[in-house]
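The values are calculated or read from the model by the stated rules, or taken from the named source; none is laboratory data. What you are looking at is a predicted structure, and each value in this text was computed from that prediction instead of being measured. Cβ atoms come from the backbone with ideal geometry, glycine included; neighbour counts cover every protein chain shown. Remember, those area values only see protein heavy atoms, side chains included, never the ligands or the DNA or RNA. Shrake-Rupley method; radii C 1.70, N 1.55, O 1.52, S 1.80 Å.
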Amino acid sequence: MADIDYAALFAATPSPYLVLDPDLVIVEANQAYLDATARTRQDLIGQHLFEALPVNPADPESSRVRTTLNASLHRVLASRQPETTAVLKYDLPLGNPPGAFGERWWSVINTPVLGPDGQVMWVIHRVEDVTEYVQTHATGDQPRSRRLTEREAMEAELFGRARMLQELNEELRQAHTREREVAVALQQAMLSVPDMDQHPHIAVRYLPATRSLNVCGDWYDVVDLADGRFSVAVGDVVGHGLQAAAVMGMLRSALSAAIRALERPAQALEVLGLYARSVEGALNTTAFKVMVDQRSHLLIYSNAGHPPPVLVHPDGSCELLDQALDPPLGARPEHVPRPQAGQEYDPGDTLVLYTDGLIERRDEDIDASLAHLTNALGRTSNLSPERMADALLAQLGVATGTRDDIVLVIIRL
């Protein structure tokens, strides 16, 4: 494959192609596209797509069509997934007479090209001119002297059904978008933490899942206790969507109440585990609860199947809080007291809690993921919690989100 001239291959490709940068500026066009649009490279290269190919001002639908195409391109940039649009009527300037446009119908596919960092470097904009087919078949205006062949009739039916399917897909996309917005709004509302106002040394990041309805049940909480102590929790409900968000809200509220009454993290998780058995969708939820005693410089914690938090020292060295580990909520058939552990800290240390979306990758095991996390934390240990949070997300390549929710809580002790 190293001997293939990809530039020549692109130039000779029979389907019309444009290459756009993320600002929708045309950076390349193949000969088939120049032929299909009667344009030269000088007409296109370096121009914004909609400046190089303006819409027909005499067509009242042209603005809507441009909006549809623009929305498709921006969805491709955001989702990093290919998208096929419905057939679009996008007329082309004829040049003679000036201001005249010719009717054109296009089948369009927009495909992202990702760089090494996973971000979109270019968009391949592929079009096919289907004007003749639409004018001949889409309206059914056949010459009276000619009947459709069986193949033409099938093509016309498939064309009509494809248009209907595209419209249905758009309706479903809009419905999914609305439901995801509701789930995100619900989740963010339930994640409100009144006691956070008293803790400027705590930085929090919550990134909802980036794909479709993959809003999940990740949560965090901060609760002030007596004698200058406070507790912090993170958790992760199994599942996606509105149900997971609702279960998250119930479990978070229950744990917040339990820690206020019992104060010991292990006992609070025991109560939460008993409660989870009565809540549909709550079993196998993971949670970590820690109480910070600022007078004795002691962390007291218990872990219900959650990834271990990290204690980061100013010199960049890290310790995993991997003691007192127990199964997720409701995993045992009978109630068993949960373990609890203590960890001393020095003022200036940093405690980092998170959910699995921060570290889990399909192509690596958990030990490698934890090593990447601790290495990144070691490089950012001298930053403030807010800057540390942003730097950590960037170094782990998740600053724009992943397929799973991410909760990150950074506490300067």
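Take each of the peptides 380-392, 299-311, 337-349, average the number of other beta-carbon atoms within 10 Å over its residues, and list them starting from the highest.
Details: 380-392: 17.6, 299-311: 23.2, 337-349: 14.9.
Going from most to least packed, we get 299-311, 380-392, 337-349.
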Check your understanding: How do LEU283, LEU77 stack up against each other in accessible area, from largest to smallest, with a 1.4 angstrom probe?
Key -> LEU283, LEU77
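All other residues with a Cβ under 9 Å from the Cβ of ALA203 taken together, and with Lys, Arg as +1 and Asp, Glu as -1, what is their net charge?
Working: positive: ARG205, ARG387, ARG412; negative: GLU386, ASP390.
With Lys, Arg at +1 and Asp, Glu at -1, the neighbours total +1.
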Check your understanding: Between the range 219-296 and the range 349-379, how many Å separate their Cα centres?
Key -> 22
Review point. Summing Lys, Arg as +1 and Asp, Glu as -1, what charge do residues with Cβ under 15 Å from the Cβ of LEU353 carry, LEU353 excluded?
Key: -4
Review point. Over the range 240-376, what relative contact order in percent results from Cα pairs under 8 Å that are six or more residues apart?
Key: 22
